[in-house]
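Report on one structure; see the data block that follows.
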Amino acid sequence: MSRVLALDYGSARCGVALSDPTGTLATPLAAVERPGTRRG
């Protein structure tokens, strides 16, 4: 089976996750801050 790469595009940051070979579980890889956004 193949893996799935998932992108979670949020208002403050974008997350990236990769599934296991069976496609059952996803493991987060990174969260990237979007430039020009404020926290709070």
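Those residues that are polar (S, T, N, Q) and either at pLDDT below 90 or not in a loop (DSSP other than H, G, I, E, B) (or both), I need them from region 6-40; list them, please.
Passing the criteria: Ser11, Ser19, Thr27, Thr37.
Take the residues in region 6-25 that are small (Gly, Ala, Ser) and out of contact with any Asp or Glu (no Cβ under 8 Å at 6 or more places or on another chain), then tell me which one is surrounded by the most Cβ atoms within 10 Å (Cβ to Cβ).
Checked region 6-25; the qualifying residue surrounded by the most Cβ atoms within 10 Å (Cβ to Cβ) is Ser19.
The values are calculated or read from the model by the stated rules, or taken from the named source; none is laboratory data. Quick caveat, the model's predicted, so the values are computed rather than measured. Using ideal geometry, Cβ is built from the backbone for each residue, glycine included, and neighbour counts are taken over all protein chains shown.
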